[in-house]
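Have a look at the structure below before the remarks.
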Amino acid sequence: MTDIQTLAVPLRKSWDSAQEGAGIEVLMSSCSLCRSCNSLVYDEEIMAGWSSDDSNLNTTCPFCSAPFVPLLNAEICDPGPVCSNLSAEDEMQNIMRPPAAPDDTLQHLCNGVRETDSSSETSSQSESSVPSVGGAPQVTVAYLSPLVLRKEMESLLENEGDAVLSQVQLLDSHSILFWNLVWYFTRLGLPSNLLQLLRTSPLTARLAQGSEGTAVRVRLLWDTLTPDTEQWPALYMLWRIHSGVPMRSYSWRHHNHPFNLSFLEEVLRWIGLNEVHKAIVLFLDTVAKQPGTPRIQRSLYREMLFLTVAAMGKDHVASFDKRYKAAYVRLSSSLGREELRRKRVQPPSPKAVDCRRCFLLPLEC
């Protein structure tokens with residue numbers, strides 16, 4: 001197996017030429033929780049669930065088909081002990097749940113209600129910045145589809161002119177647009193002045209004073225920034241714990257999960273032998289033996305994909321997808337598709353896989 005500490009997916013260069021010596025690091029994730037079925041929905045699944053309506057903020061949950069507004073989360077921190085030495089799960093730091101806010105519009109967005117006033121982006125801000133345990137500023141905004149983002153950008157330029165794009169006030173007065181632009185420009189490797197605005201904003205003032213450099217580095221993460229400690233740890237997190245990868249310490253509330261090292265090794269062995277259906281059955285049987293409701297938010301596909309990436313490397317994603325799909329088809333004949341869907345065993349839709357391929361898998365895991 002490849003050295004686990006070298007398995008982070010490399011990002012394409014962002015627009016800040018001095019990123020290698022970055023004094024400020026921004027961690028971002030679009031992974032969002034569907035509150036209807038308590039399932040984590042990932043970037044490619046969110047994109048696949050968007051409609052062609054440029055006034056609709058909702059996506060559709062691939063597990064329960066409920067509409068909800070996905071969230072884009074960011075944490076701004078010093079790339080020292082808090083950020084730069086993070087392993088995959090260390091990189092996931094703290095914005096899983098939408099912060100509470102008195103703003104009725106924020107509550108409106110987080111409840112998954114369709115936004116109908118497409119011309120008032122400023123009035124529909126769902127941004128909230130709060131200190132984390134380590135004092136790092138955190139931001140949560142609605143994650144917009146490219147169609148919605150384009151419409152809002154056209155409205156902004158028409159109403160305020162292009163000068164607004166060079167003003168630091170853009171972060172406060174149009175935070176949804178700003179953070180979505182940062183996300184998309186980083187995904188596409190496009191140049192812009194966005195990081196320069198962030199560097200001079202109040203959000204980064206404290207970090208900029210204490211950092212040797214002033215460059216800003218953005219890292220886009222696949223999984224949630226903060227794992228829910230009320231749930232069982234993800235398989236790939238447990239694998240990295242057993243492998244001794246440096247990581248942040250999480251206070252898991254439920255230590256009686258069934259996923260010991262022998263279980264992880266057995267799952268990986270079946271995956272490596274191209275017997276993914278046996279890994280799936282092992283997982284389902286192991287969970288079924290536990291009392292009470294399983295404390296799992298990730299689909300079985302996602303648990304095994306991330307475990308495969310952690311143990312074998314990102315180059316195995318495509319082959320894993322092919323093997324998992326074949327295993328799912330094989331099990332459908334014996335267990336039934338409806339039963340597998342109820343247990344969140346189904347792989348991503350072809351549309352979701354296409355969305356992932358369009359962006360060349362730049363997200364870190």
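The values are calculated or read from the model by the stated rules, or taken from the named source; none is laboratory data. Just so it is clear, the model here is predicted, and its values are computed rather than measured. In this analysis, Cβ positions are derived from the backbone assuming ideal geometry, glycine residues included, and neighbour counts consider all displayed protein chains. Surface accessibility is based on the protein's heavy atoms, side chains included, excluding ligands, DNA and RNA. Shrake-Rupley method; radii C 1.70, N 1.55, O 1.52, S 1.80 Å.
Considering the conditions (1) touching an Asp or Glu at 6+ places or on another chain (Cβ under 7 Å); (2) modelled with pLDDT of 50 or more; (3) under 30 Å from Ala311 (Cα atoms); (4) open to solvent by less than 10 Å² (accessible area, probe 1.4 Å), Pro79 is excluded by exactly one of them, (4).
Residues in region 150-168 that are among the β-branched types (Val, Ile, Thr) and either crowded, with 22+ Cβ neighbours inside 10 Å or assigned to a helix (DSSP H, G or I) (or both): how many?
Initially, region 150-168 is screened for residues among the β-branched types (Val, Ile, Thr), giving 164, 168.
Subsequent filtering for residues that are either crowded, with 22+ Cβ neighbours inside 10 Å or assigned to a helix (DSSP H, G or I) (or both) retains 164.
Selection size over region 150-168: 1.
Of all the numbered requirements in (1) within 26 Å of the chain's Cα centre (by Cα); (2) farther than 23 Å from Asp43 by Cβ, Asp285 misses one, and that requirement is (1).
Determine whether Ser52 is surrounded by fewer than 20 Cβ atoms within 10 Å (Cβ to Cβ) and at pLDDT 50 or above. Considered against the rule, which asks whether it is surrounded by fewer than 20 Cβ atoms within 10 Å (Cβ to Cβ) and at pLDDT 50 or above, Ser52 comes out as yes.
Check Leu190, Leu171, Leu144, Leu198 and return the single one that is buried (at least 22 other Cβ atoms within 10 Å of the Cβ) and part of a loop (DSSP other than H, G, I, E, B). So that I can check it myself, show each step before the final result.
Working: Leu190 fails: buried (at least 22 other Cβ atoms within 10 Å of the Cβ); Leu171 fails: part of a loop (DSSP other than H, G, I, E, B); Leu198 fails: part of a loop (DSSP other than H, G, I, E, B).
When all the criteria are applied, what remains is Leu144.
Here's a check for you: in region 213-249, which residue that is more than 26 Å from Val281 (Cβ to Cβ) and open to solvent by 40 Å² or more (accessible area, probe 1.4 Å) is modelled with the highest pLDDT? It comes out as Glu230.
Could you please let me know if Arg269 is at pLDDT below 90 and either open to solvent by 60 Å² or more (accessible area, probe 1.4 Å) or closer than 20 Å to Ala311 by Cα (or both)? In short, no.
Checked against the criterion of being closer than 24 Å to Asp285 by Cβ, open to solvent by 20 Å² or more (accessible area, probe 1.4 Å) and of a type in the set (A, V, I, L, M), the candidates Ala326, Ala318 yield just one match: Ala326. Among the residues examined, Phe185 qualifies as under 23 Å from Met47 (Cβ atoms), part of a helix (DSSP H, G or I), open to solvent by 10 Å² or more (accessible area, probe 1.4 Å) and at pLDDT 90 or above. So, Asn274, is that one more than 12 Å from Pro233 (Cβ to Cβ), open to solvent by 50 Å² or more (accessible area, probe 1.4 Å) and not charged (D, E, K, R) or not? The answer is yes for Asn274. Within region 133-162, residues that are β-branched (Val, Ile, Thr) sit with their Cβ atoms under 6 Å from residues that are open to solvent by 10 Å² or more (accessible area, probe 1.4 Å) and assigned to a strand (DSSP E or B), at 6+ positions apart or across chains, in these pairs: Val139/Ser129; Thr140/Leu71.
Asp16 - would you say it is charged (D, E, K, R), closer than 17 Å to Tyr236 by Cβ and modelled with pLDDT under 95? When the stated conditions are applied, Asp16 does not pass them. If you go through region 27-49 and keep only what is open to solvent by 20 Å² or more (accessible area, probe 1.4 Å), out of contact with any Cys (no Cβ under 7 Å at 6 or more places or on another chain) and closer than 22 Å to Val139 by Cβ, you end up with Leu33, Arg35.
Cβ-Cβ distances below 8 Å connect the following pairs, each with a first residue in region 330-341 that is farther than 12 Å from Ile280 by Cβ, a second residue that is among the polar types (S, T, N, Q) and not in a helix (DSSP H, G or I), and a separation of six or more residues or different chains: Arg337/Gln346. Tell me, yes or no, whether region 347-354 has at least one residue that is open to solvent by 30 Å² or more (accessible area, probe 1.4 Å) and of a type in the set (Asp, Glu). Within region 347-354, one or more residues are open to solvent by 30 Å² or more (accessible area, probe 1.4 Å) and of a type in the set (Asp, Glu).
On the stretch given as region 307-365, residues that are at pLDDT 90 or above, touching a Lys or Arg at 6+ places or on another chain (Cβ under 7 Å) and either among the acidic types (Asp, Glu) or over 23 Å from Met47 (Cα atoms) (or both) total 1.
Of all residues in region 288-302, which are surrounded by fewer than 18 Cβ atoms within 10 Å (Cβ to Cβ) and either in contact with a Gly (Cβ under 6 Å, 6 or more places away or on another chain) or assigned to a helix (DSSP H, G or I) (or both)? Steps first, answer last, please.
Just the residues of region 288-302 that are surrounded by fewer than 18 Cβ atoms within 10 Å (Cβ to Cβ), to begin with: 288-294.
Passing the criteria: only Ala288.
The set of residues in region 297-327 being free of Cβ contacts under 8 Å to residues at least 40 places away in the same chain and in contact with a Pro (Cβ under 6 Å, 6 or more places away or on another chain) consists of Lys325 alone. The C-beta contact set for region 57-80 (first residue free of Cβ contacts under 8 Å to residues at least 60 places away in the same chain, second residue basic (Lys, Arg) and open to solvent by 20 Å² or more (accessible area, probe 1.4 Å), distance under 6 angstrom, 6+ apart or interchain) comprises Asn58/Arg114.
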